[in-house]
Amino acid sequence: NIAEYKCSIHSYNKDAIAFLSDMENDRHNNILYYLDPPYINKAHGLYDNFYSKHDHRYVADTVKTLKSKWIVSYDADDMVKELYSGFTQITYDLSYSAHIIRKGREFMAFSPSIILPKLFFENIGSHTDYCNMSNITFNVA
């Protein structure tokens, strides 16, 4: 139950590059980093400040050096699939409803020490929803 860990969970509203730099000396094995950098495809229309391709590469290269567990999420894009090649990846459809209801394709990459539940793999091709995710595609390293 996640509530048991509420005193150990910390949320930061920081730029991923700044966050990784700030946490450089605080990298322990007992930490799970979740990073959600700015989108790639539509960044210029969503954010005042968005990342260059170099920035996205920097985040990926830095995340790959973490000794602790990590999860990175993005909009699904060939560039991020390439940046995190060699790691377990999933892409899935996600419905948005901020102003206009629409579907987007999302991406997640996982550190090698994260083991995904069998339920994920059992649903490949069945289009069964898991946490409102459907149309899940896996690339297991």
For ILE31 and SER85, calculate 0.36 nm times their separation in residues minus their Cα-Cα distance, and state this gained length in nm to one decimal. 17.2 nm
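What do you reckon, how do LYS103, LYS69 stack up by accessible area (1.4 Å probe), largest on top? The partial results should precede the final answer.
Numbers: LYS103 135, LYS69 90 Å².
Largest to smallest exposure gives the sequence LYS103, LYS69.
The values are calculated or read from the model by the stated rules, or taken from the named source; none is laboratory data. From a predicted model like this one, the values you see are computed outputs, not experimental measurements. Ligands, DNA and RNA are stripped out before the accessible areas are found, and what is left, the full protein with its side chains, is counted by its heavy atoms. Shrake-Rupley method; radii C 1.70, N 1.55, O 1.52, S 1.80 Å.
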